[in-house]
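What follows is one structure encoded as C-alpha cells, with my remarks underneath.
The values are calculated or read from the model by the stated rules, or taken from the named source; none is laboratory data. Given the structure is predicted, the values throughout are model-derived calculations rather than measurements. All Cβ positions, glycine included, derive from the backbone under ideal geometry; neighbour counts span all protein chains shown.
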Amino acid sequence: MNQTDDQATVRSSGSSQADNNPPPEIAVVGSANLDLVVEVPRVPLVGETVLGKDLARIPGGKGANQAVAAARLGRSVAMIGRVGDDEGGRMLRTALQADGVDTSHLTTTPDTPNGVALIAVGADGDNSIVVSPGANGRLSVADVEAAADVLGAAAVTLVQLESPIDAVLAAAESAGGVVVLNPAPAPSSPLPAKLLEAVDVIVPNQTELALLTGHGGTVDVAVAADLATQLPTPTVVVTLGALGALAVVEGTANHIAAPVVDPVDSTAAGDSFCGALADALVRKEPIVDAVRWAVRVGAATTLRAGAQPSLPSPAEVTSLLGEDRDED
Ligand code: RIB
C-alpha cells in the first residue's frame, strides 16, 4: 500500500483536466463499451433463439462503469482508456463527462470501432454477455505511461481485465496509491505473478477466484474463504452475489451479508461494488466497513436496468434499500 497524502477532494469539471487542477482521487484504467441490451424471458441456452424486447443502447464497459460508479458516490475520477472513432465512442466519452469523469487520458482511436457488449438480460435479472473489445484492445503501455502523473497521484487505482494485460500490469506497477484489481472477465490463462504482487486488493467473484487459484469451476463460500488465502495479494474481497461478500485480510475471513433484494438487472453490480470499494478506501474506511458499503451499492445497482443508468448516488442507495443496518 503506497497511499499518497496529496489526495484531491474536489471533483474535476469533466471533459479535461487542466494542468493545475488537483489530481483525481481515483484513476480507472479500463474499458468503455457500448452495451447493446435485449431483455429476454430467459437467457438462451447454447443453440437456442429467444425473442426479446426492443434493443437498448446503453453506456457500459467495466472500466467506465467503475469510473462512473465512483463519481456518482462523490469521488473525483480520471479514466484512462480508449474509445472508438464512431458513434459508440462519442457516446461513451459524453457519458463519462456528464458524470464529471476526467477524460483527458481517454484516447479516440482512428479507424477503430468502439468496444461493444451484446447483453441478454433475463426476467430474473441474470445476464449473458459477449464483448467485442474494439478500441479497448488497443490500450497500450505507452497510453498508461502518458497518464503517469494521474496514476502517481491517485489515492486508488482500479484495473480490470477487459484491457490488454501488459497495459493493466503497467498501470498496477506505476500507481502511487492503493491498487485494486477486479479480475473480470475471468482470465483464460494464469495472470502474471508480477501483477498479483503489484496489487493491494483483488476483487474476484467465486468463479474468478476458482480460476485464479487453479481450482476451476465455481466454489462455495467456505471453499472461497480458503482459496482466497492462497493468493499473494494482501487483501482479497470475494463477491458472492446475493450472499454478499467475503473480506479476507491476511488469512482472516469476514462474511458481509447482502440486503435481500428482488433484482431487475445484475449488469454492472460488480462494477458498482468496485467503485464503491474504491470510494470507501479513499475515505480511509476500514476494509470490512468498505466492503459493507460496496455490498449495499452493488445490491442497489441490481434494482434498475442497464449498466451506467443503474449506478446509484449515496442518497439513491438509501432510497432503494432503506437505512443501513448490519445484515448478518
Ligand atoms: O460488468 C458489466 C459490463 O461488462 C457491461 O457494461 C459490459 O459492457 C461488459 O463489459
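Of the conditions (1) away from the ligand (no atom under 16 Å from the Cβ); (2) among the β-branched types (Val, Ile, Thr); (3) in a loop (DSSP other than H, G, I, E, B); (4) surrounded by 24 or more Cβ atoms within 10 Å (Cβ to Cβ), residue 267 clears all except one; give me its number.
The number of the failed condition is (1).
Let's see how each residue does on (1) of a type in the set (Val, Ile, Thr); (2) at pLDDT below 95:
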{"position": "257", "(1), (2)": "no, no"}
{"position": "267", "(1), (2)": "yes, no"}
{"position": "281", "(1), (2)": "no, no"}
{"position": "289", "(1), (2)": "no, no"}
{"position": "296", "(1), (2)": "no, no"}
{"position": "307", "(1), (2)": "no, no"}
{"position": "315", "(1), (2)": "no, no"}
{"position": "323", "(1), (2)": "no, yes"}
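Can you tell me which residue in the stretch 168-187 is modelled with the lowest pLDDT, limited to those that are small (Gly, Ala, Ser) and under 16 Å from the mean Cα position of the chain (by Cα)?
At the first step, the residues of the stretch 168-187 found to be small (Gly, Ala, Ser) are 170-172, 174-177, 184, 186.
Those still in the list that are under 16 Å from the mean Cα position of the chain (by Cα) too: 171-172, 184, 186.
Details: 171: 98, 172: 98, 184: 98, 186: 92.
Ranking the qualifying residues of the stretch 168-187, first place goes to 186.
Name the one entry in 39, 48, 25 that is acidic (Asp, Glu), at pLDDT 95 or above and crowded, with 24+ Cβ neighbours inside 10 Å.
Result: 25 is the single residue among 39, 48, 25 that is acidic (Asp, Glu), at pLDDT 95 or above and crowded, with 24+ Cβ neighbours inside 10 Å.
What's the number of the only condition in (1) in contact with a helix residue (DSSP H, G or I) (Cβ under 9 Å, 6 or more places away or on another chain); (2) surrounded by fewer than 20 Cβ atoms within 10 Å (Cβ to Cβ); (3) more than 21 Å from residue 71 (Cβ to Cβ) that residue 152 fails to meet?
The one condition residue 152 does not meet is (3).
Starting from residues that are free of Cβ contacts under 8 Å to residues at least 40 places away in the same chain and assigned to a helix (DSSP H, G or I), keep the ones in the stretch 279-289 and report whichever is farthest from the ligand (Cβ to nearest atom). Lay out the reasoning, then the answer.
Looking only at the stretch 279-289, we keep the residues that are free of Cβ contacts under 8 Å to residues at least 40 places away in the same chain, and these are 280, 283-286, 289.
In the following step, the residues that additionally are assigned to a helix (DSSP H, G or I) were identified as 280, 289.
Numbers: 280: 20, 289: 24 Å.
Result: 289.
Could we say that residue 272 is of a type in the set (S, T, N, Q) and over 22 Å from residue 183 (Cα atoms) here? Explain how you work it out, then say what you get.
On the way: of a type in the set (S, T, N, Q): yes; over 22 Å from residue 183 (Cα atoms): no.
Taking the combined requirement at face value, the residue does not satisfy it.
Have a look at 309, 234, 259 and point out the one that is within 15 Å of the ligand (Cβ to nearest atom) and either acidic (Asp, Glu) or in contact (Cβ under 8 Å) with a residue 24 or more places away in the chain (or both). Explain how you work it out, then say what you get.
Numbers: 234 fails: within 15 Å of the ligand (Cβ to nearest atom); 259 fails: within 15 Å of the ligand (Cβ to nearest atom).
Answer to the check: 309.
With respect to residue 150, determine if the residue is in contact with a His (Cβ under 8 Å, 6 or more places away or on another chain) and among the aliphatic types (A, V, I, L, M). Break it down into steps so the answer makes sense when it comes.
Details: in contact with a His (Cβ under 8 Å, 6 or more places away or on another chain): yes; among the aliphatic types (A, V, I, L, M): yes.
So residue 150 fits the description; yes.
With respect to the numbered conditions (1) within 17 Å of the chain's Cα centre (by Cα); (2) hydrophobic (A, V, I, L, M, F, W, C); (3) more than 23 Å from residue 39 (Cβ to Cβ), which one is the sole condition not fulfilled by residue 129?
In the conditions (1) within 17 Å of the chain's Cα centre (by Cα); (2) hydrophobic (A, V, I, L, M, F, W, C); (3) more than 23 Å from residue 39 (Cβ to Cβ), residue 129 misses (3) alone.
Exactly one condition in (1) in a loop (DSSP other than H, G, I, E, B); (2) within 14 Å of the ligand (Cβ to nearest atom) is not met by residue 46; state its number.
Looking at each condition in turn, residue 46 falls short on (2).
Residues to consider are 131, 159; find the one that is at pLDDT 95 or above, surrounded by 24 or more Cβ atoms within 10 Å (Cβ to Cβ), within 15 Å of the ligand (Cβ to nearest atom) and not basic (Lys, Arg).
Only one candidate qualifies: 159.
So for the stretch 202-214 (the condition being away from the ligand (no atom under 16 Å from the Cβ) and either under 28 Å from residue 107 (Cβ atoms) or touching a His at 6+ places or on another chain (Cβ under 9 Å) (or both)), does at least one residue qualify?
Initial filter on the stretch 202-214 (away from the ligand (no atom under 16 Å from the Cβ)): 202, 209-214.
If we keep only those that are either under 28 Å from residue 107 (Cβ atoms) or touching a His at 6+ places or on another chain (Cβ under 9 Å) (or both) too, we end up with 202, 209.
Taking every residue of the stretch 202-214 in turn, at least one turns out to be away from the ligand (no atom under 16 Å from the Cβ) and either under 28 Å from residue 107 (Cβ atoms) or touching a His at 6+ places or on another chain (Cβ under 9 Å) (or both).
Checking residue 125 against (1) in a loop (DSSP other than H, G, I, E, B); (2) at pLDDT 95 or above; (3) within 16 Å of the ligand (Cβ to nearest atom), which test does it fail?
(2)
Looking at the stretch 60-85, which of its residues are part of a loop (DSSP other than H, G, I, E, B) and either within 12 Å of the ligand (Cβ to nearest atom) or surrounded by fewer than 24 Cβ atoms within 10 Å (Cβ to Cβ) (or both)?
Keep residues of the stretch 60-85 that are part of a loop (DSSP other than H, G, I, E, B), which gives 61, 73-76, 85.
Selection gives 61, 74, 85.
So for the stretch 33-40 (the condition being within 13 Å of the chain's Cα centre (by Cα) and near the ligand (Cβ under 9 Å from one of its atoms)), does at least one residue qualify?
So far as the stretch 33-40 goes, yes, one or more of its residues are within 13 Å of the chain's Cα centre (by Cα) and near the ligand (Cβ under 9 Å from one of its atoms).
Touching a residue at least 40 places away in the same chain (Cβ under 8 Å), more than 16 Å from the ligand (Cβ to nearest atom) and of a type in the set (D, E, K, R): which single residue out of 166, 143 fits that description? Talk me through it step by step, then tell me what you get.
On the way: 166 fails: touching a residue at least 40 places away in the same chain (Cβ under 8 Å).
After applying the criteria, what remains is 143.
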